[in-house]
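The values are calculated or read from the model by the stated rules, or taken from the named source; none is laboratory data. Keep in mind the model is a prediction, meaning the values are calculated, not measured. Glycine also receives a Cβ, built like all others from the backbone with ideal geometry; neighbour counts cover every protein chain displayed. Areas reflect the complete protein model, heavy atoms only, side chains present, ligands, DNA and RNA absent. Shrake-Rupley method; radii C 1.70, N 1.55, O 1.52, S 1.80 Å.
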Amino acid sequence: MDRFHLMTVFVAVAEEEGFAGAARRLKLSPPAVTRAVAALEENLGVRLLNRTTRYVRVTEAGARYLDDARRILAAVDEAEEAAAGGNAEPRGLIQLTAPVLFGRLYVMPIVLDFLRQHPLVEVSAQLRDNVVNLMEEGLDAAVRIGPLPDSSLRAVKVGEVRRLVAPDYLARHGAPQAPEDLLSHTVIASTAASASLEWKFGADGERRVRVRPRLTVSGNDVAIDAAQGGFGLIRVMSYQVAEALAAGKLERVLTAYESAPLPIHIVHAESRYGSTRMRRFIDFLAERLRADPRLTG
């Protein structure tokens, strides 16, 4: 079998952690995927995958080969696209991750528009609030909110947002005038935003209040619904309630004590940015996010 084909199949199995998932992704039969991996292992003389009835995982040798195979396949894609010229139609799979609510409200509408314009591209989107390692998870790009750690990944800044406190019960209870006033107000907390009950205020977070929520929920959307129902005060990212604020369903309070805005970045593995699909996608996503007035802090 062609070595590039075997590499492609192996990478798909490793990233999907299963033969059935790889078969669906590559539009091959499961037996064909199994034969390809067996042929690759036989050619190399080493076991690349550990298989059980519950999972498929790369071995230590498989992990090293996976990194090399990804680089080789990316280089082949880039070479073919360069030969085809700058106007080559992007094709292939883009694997993306973004925070749950930000992804649903802002990223996914842009992804759908990109897919409509480029019928040969596929996108696998993981909406997760935890930060994942792109290389370990086999992902191409991520949208992240907040300061970035030092890494080998490239980052493109596309906007910024603020943490704010937004209530809809001011007529009955009045507005807090200082962060410490929150102790005498009804507070709604979301563990999706932070497990900590210490809310920080001011440009450097120097003003801190340990709130006592009457309602704690696991999702920001649930907390926002409760606040819009007039139950109490929430603390969320500005993008999460931009529409509710514009419609007058919520109001900002303690604006003089808001913390510094948090940057929004698209991060991606440099080696993959050379492909037509990634170059076009990142440019498209960045342009649309930068143009969104809700993401200007």
Q: Give the cross-link partners of Lys249 among the lysines, using a straight C-alpha distance below 28 Å as the criterion and excluding same-chain residues fewer than 8 apart.
A: Lys200
Q | Per-residue HN-Hα couplings for segment 166-172 [Karplus 6.51, -1.76, 1.60; θ = phi - 60°; Hz; x = Gly/Pro] | A | 10, x, 9, 10, 5, 4, 8
Q | 3J(HN,Hα) from dihedral phi, segment 200-212, Karplus parametrisation 6.51/-1.76/1.60, rounded to Hz, x for glycine, proline | A | 9, 10, x, 4, 10, x, 6, 9, 10, 9, 8, 7, 10
Q | Net charge over other residues, Cβ less than 11 angstrom from the Cβ of Gly219 (K, R count +1; D, E count -1) | A | -3
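Quick one: net charge of Asp292's neighbours, Cβ under 15 Å, K/R +1, D/E -1? Present the calculation step by step, with values, prior to reporting the outcome.
Details: positive: Arg104, Lys157, Arg162, Arg288, Arg290, Arg294; negative: Asp113, Glu160, Glu243, Glu287.
Residues close to Asp292 contribute a combined charge of +2.
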(Q) Given points 7 Å out from each Cα along the Cα-Cβ axis, report the Asp68 to Leu148 separation in nanometres with one decimal. (A) 3.0 nm
Q: Please name whichever of Leu164, Gly45, Leu96 sits farthest to the positive end of the charge dipole of segment 33-172, dipole taken about the Cα centre and charges placed at Cβ: Lys and Arg +1, Asp and Glu -1.
A: Leu164
Q | His173, His265, reordered so the largest accessible area comes first (probe 1.4 Å) | A | His173, His265
Q) Taking N as the number of residues in segment 141-190, what is its Cα Rg relative to 2.2 N^0.38 Å? A) 1.80
Q) When the Karplus curve 6.51 cos²θ - 1.76 cosθ + 1.60 is applied with θ = phi - 60°, which whole-Hz ³J(HN,Hα) does each residue of segment 177-192 get, with x for Gly and Pro? A) 9, 8, x, 5, 5, 4, 5, 9, 10, 6, 10, 10, 10, 10, 6, 5
Q: Report, to two decimal places, the Cα Rg of segment 43-127 normalised by 2.2 N^0.38 Å (N = number of residues).
A: 1.46
Q. Out of [x] 20.6; [y] 20.0; [z] 21.8, which label holds the value of Kirkwood radius over Cα pairs in Å that was computed here?
A. [z]
Q. For segment 1-122, with the dipole built from +1 on Lys and Arg beta-carbon atoms and -1 on Asp and Glu ones, taken about the Cα centre, which of Gly21, Val11, Leu66 lies farthest toward the positive end?
A. Gly21
Q) Rolling a 1.4 angstrom probe over the protein heavy atoms, how many square angstrom per residue are accessible across segment 1-70? A) 58 Å²
Q) Using unit Cβ charges (K, R positive; D, E negative) and no other charged atoms, how large, in debye to the nearest 20, is the dipole of segment 115-223 about its Cα centre? A) 340 debye
**Q.** Residues whose placed amide H lies under 5 Å from that of Leu233, excluding near-sequence neighbours
**A.** Thr186, Val187, Ile188
Q. Could you state the per residue volume, in Å³, of the convex hull enclosing the Cα atoms of segment 156-254?
A. 108 Å³
Q: List the extent of the Cα atoms of segment 68-187 along each of their three principal axes, largest first, rounded to whole Å.
A: 67, 33, 20
Q: Quick one: give the max-minus-min coordinate of the C-alpha atoms of segment 1-151 along each principal axis, largest first, in Å.
A: 46, 37, 32
Q. Dimensions of segment 228-272 along principal axes (Cα, Å, largest first)?
A. 49, 22, 17
(Q) How much length would be gained if the chain were fully extended between Asp129 and Ala256, taking 0.36 nm per residue of separation minus their Cα-Cα distance, in nm to one decimal? (A) 42.9 nm
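Which of the helices in the chain, when you take each full DSSP H run, stretch at least 27 Å along the axis at their Cα atoms and have an average Kyte-Doolittle score of -0.5 or higher?
Values: long enough: 60-84 (37 Å, -0.29).
Helices passing the filter in the chain: 60-84.
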Q: Would you please report the Å³ per residue occupied by the convex hull of the alpha carbon atoms in segment 104-156?
A: 112 Å³
